[in-house]
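Structure first, then comments.
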Ligand code: TYM
């Protein structure tokens, strides 16, 4: 029996280079050795107010990205979270096994509520519990995510352990897979903050759909420093971020990336990183456009994925309801 991978991504905009390098690029690599479920987590997306038309379009767009990036829908289960009600059901149950003190410690809740003062809703607060339900529903062994999700994964493990302690081995306790390089891609304009699709400054972020021209321009404008040395260093967040991006897209080590640009000027370096990223994204963009031209095919893939995911999820949910003592 192959082990199980689950991961999710929110359809809150066009995916970024950060989510590609921190998470999605690893999903494809892991998919031959595991049974994988990759979920478009639209229920997580509504913790921030969404325009219905845009949300629906973003969801389909994101599904097309997953396939364009190499996830074969015949071998991986790809689906929308809202199409599998077991996520919401288990989430409620797990809410009753999660402490308010634990949720109060979640740094993403603190960050997001600080940015979103007019809509600090309960969903934003219990978001990590829904995430735990996503994962635990499938007896997941491994969860490939970027660094920012590590704390949520720890909470998920704690909830699973607590539940198992009361009721026996109901859930597999999952491990996080956080890549050694690229787990936290920073913004190009503000390299001390994570690259994020919700950032107001479009130059800060590379979207997977950006044209080659726009990608190179954004890299040329990337914030660096004034000392002209291309090396990894905590004191050089901008340069370190660019080296990391370059190493990831070229499939080389950070040391190899440093060696390649030793003695080069910043202008040449930034241009090279931009070109490497544009070249990497071009074939995915073509495939994405091809997939988007056939929405009925995407809908069929999502429907089939939801059916398979439901079947798996209902097994765990039945076990949970039984041990709890529901009639
Ligand atoms: P989301 O949609 O914000 O991001 C999707 C994945 O991309 C990673 N990521 C990054 N990695 C490196 N550098 C960055 N700048 C960067 N930005 C995003 C994220 O770490 C994530 O792995 N809560 C999750 C979605 C989710 C989930 C789950 C994940 C819901 N349920 C269950 C795993 C398992 C989120 O908001 O991801």
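Taking other C-beta atoms within 10 Å as the exposure proxy, 92, 27, 65 rank 92, 27, 65 from fewest upward.
Once C-alpha pairs closer than 8 Å and six or more residues apart are averaged by separation and normalised to the residue number of the range 57-214, the relative contact order reads 17 percent.
When 198, 25 are sorted by how many other C-beta atoms sit within 10 angstrom of their C-beta, beginning with the fewest, the order is 198, 25.
Suppose R0 equals 45 Å; then what is the FRET efficiency for residue 282 and residue 321 from their Cβ-Cβ distance, rounded to the nearest 0.05? Step by step, r from the Cβ atoms, then E = 0.40. Return one number: the angle in degrees, 0 to 90 and rounded to the nearest 10, between the long axis of the Cα atoms of helix 52-68 and the longest principal axis of the Cα atoms of the chain. Relative to the chain, helix 52-68 is tipped by roughly 70 degrees. Under a Gaussian network description of the chain, with springs only between Cα atoms under 10 Å, the residue in 21, 66, 254 that fluctuates furthest is 254. Structure remark: mean-square fluctuation, Gaussian network model of the chain, C-alpha springs under 10 Å; the largest value among 278, 183, 264 belongs to 264.
Taking 279, 149, 189 in turn, the Gaussian network model of the chain (Cα-Cα springs below 10 Å) assigns the largest fluctuation to 279. From its DSSP helices (H runs of at least four residues, each -39,500 (n - 2.57)), the chain gives a residue-normalised ellipticity at 222 nm of -16500 deg cm²/dmol. This ranking places 294, 210 by how few other beta-carbon atoms lie within 10 Å of each, fewest first, which gives 294, 210. Each Cα pair of the range 209-306 feeds into the Kirkwood radius, which the Stokes-Einstein equation turns, at 25 °C and 0.890 mPa s, into a diffusion coefficient of 161 µm²/s.
The angle between the Cα long axis of helix 122-136 and the main principal axis of the chain comes to about 80°, on a 0 to 90 degree scale. Distance from the C-alpha centroid of the range 164-188 to that of the range 33-53: 17 Å, rounded to the whole angstrom.
Stretching residue 268 away from residue 166 to a fully extended chain increases their span by 30.8 nm, per 0.36 nm per residue minus the current alpha-carbon distance. Taking every alpha-carbon pair under 8 Å whose residues sit at least 6 apart, the range 203-275 reaches a relative contact order of 38 percent. Give me the percent of Cα-Cα pairs in the range 221-265 that sit more than 15 Å apart, rounded to a whole number. Value for the range 221-265: 36 percent of Cα pairs lie more than 15 Å apart. Separation of the range 104-150 from the range 216-259 is 30 Å, based on Cα centroids. Per the Debye formula with a single identical scatterer at each Cα and no solvent contribution, what log10 I(q)/I(0) holds for the chain at q = 0.08, 0.10, 0.11, 0.14 Å⁻¹? The Cα Debye sum returns log10 ratios of -0.39, -0.60, -0.72, -1.13. Angle of helix 266-292 to the longest C-alpha principal axis of the chain, folded into 0 to 90 degrees and rounded to 10: 40°. Our estimate of slack between residue 151 and residue 181, defined as 0.36 nm per intervening residue step minus the Cα-Cα distance, is 9.0 nm. Can you tell me what share of the DSSP beta bridges in the chain is antiparallel? A percent to the nearest 5 is fine. Around 10 percent of the beta bridges assigned by DSSP in the chain are antiparallel ones.
Overall, the anisotropy analysis places the range 23-168 in the oblate class: the square-rooted eigenvalues a ≥ b ≥ c of its C-alpha gyration tensor yield a/c not less than 1.5, with a/b not exceeding b/c.
Dividing the mean sequence gap of close Cα pairs (under 8 Å, 6+ apart) by how many residues the chain holds gives a relative contact order of 23 percent.
Only the coordinates and a few stated rules stand behind these numbers; no lab work does. All values reported here derive from a predicted model rather than from experimental measurement. Please note: Cβ atoms are built from the backbone with ideal geometry, for glycine as well, and neighbour counts cover all protein chains shown.
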